[in-house]
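Below: the structure, in structure tokens.
The values are calculated or read from the model by the stated rules, or taken from the named source; none is laboratory data. Here the structure is a predicted model, which is why all the values come from computation and not from measurement. Methodologically, a virtual Cβ is constructed for each residue, glycine included, from the backbone with ideal geometry; neighbour enumeration extends over all protein chains shown. Note: accessible area is taken over every heavy atom of the protein model, side chains too, but ligands, DNA and RNA are not part of it. Shrake-Rupley method; radii C 1.70, N 1.55, O 1.52, S 1.80 Å.
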Amino acid sequence: MTTQPSLIAMMVSALGLTGDEQVLEVGTGYGWQTALLARLAAYVVSVERWPDLVDEARQRLARQGVGNAEVVLGDGTLGMPTRAPYDAVIVCAAFPRVPEPLVDQLRTGGWLVQPIGHGGQECVELYERRAHHLVHLRTVTAARLVRLYGAHGYDQR
């Protein structure tokens, strides 16, 4: 599944990337957004739960010569703690709250974008990590995205 390009543009733009950041992306899909993030940031770690999409994204990124992005098979709600802290986190699926492991892996002063809702009709929200919590900065846009599944998302059953 590919998210509408205009929605990707709004979500990525909200992060305010300057080129020096390490970014965590939850939900690689086919790697289109991953490639975009890799152009705008120093390094991207992208977590995808579907093995076939991981393989496809890796091949697409390699064909395009993207060398500063890593696609990992796993539960995106757990993030990728071995590469933390991240300057920015972008979540490409909806859940009523931000998964705590993603908050823990975001550096103080870092920004996080995530659709908040039950999946199908939600608001994409922008947060900033403060010393011990997230602060809501603004609503980026209304959207319709798939649900976020995982240990800190919806049950995978």
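His136 label point, 7 Å along Cα→Cβ, cut-off 17 Å on backbone N: hits in region 84-101?
Counting only backbone N, you get 94-100.
So what is the accessible area of region 101-147 per residue, in Å², with the probe set to 1.4 Å?
So region 101-147 comes to 50 Å² accessible per residue, rounded to a whole number.
Given (1) 0.93; (2) 1.02; (3) 1.35 as candidate values of Cα Rg over 2.2 N^0.38 Å, which corresponds to the one derived from the coordinates?
For Cα Rg over 2.2 N^0.38 Å, the calculated option is (1).
For Ala151 and Ser6, calculate 0.36 nm times their separation in residues minus their Cα-Cα distance, and state this gained length in nm to one decimal.
Fully extending the segment from Ala151 to Ser6 adds 49.3 nm.
I'd like the distance separating the alpha-carbon centroids of region 40-75 and region 139-153, in whole Å.
Going from one Cα centre to the other spans 20 Å.
Do you know the relative contact order of the chain, to the nearest whole percent, from alpha carbon pairs under 8 angstrom that are 6+ apart?
Worked out over the chain, it gives 20 percent.
For Arg97 paired with Glu128, estimate the spin-label separation in nm (one decimal), with each label point 7 Å from Cα along the Cα-to-Cβ line.
Label-label distance for Arg97 and Glu128, simple model: 2.3 nm.
Using the Karplus equation 6.51 cos²θ - 1.76 cosθ + 1.60 (θ = phi - 60°), what ³J(HN,Hα) coupling, rounded to whole Hz, does each residue of region 102-109 give in order, writing x for Gly and Pro?
Going residue by residue, I get 6, 4, 4, 8, 8, 5, 4, x Hz, with x marking Gly and Pro.
Keeping the other protein chains in place, figure out the carbon and sulfur percent of the accessible area of region 62-157, with a 1.4 Å probe.
On region 62-157, the fraction of accessible area on carbon and sulfur atoms equals 51 percent.
Nearest 5 percent is fine: what portion of the DSSP beta bridges confined to the chain is antiparallel?
Of the beta bridges lying entirely in the chain, close to 40 percent run antiparallel.
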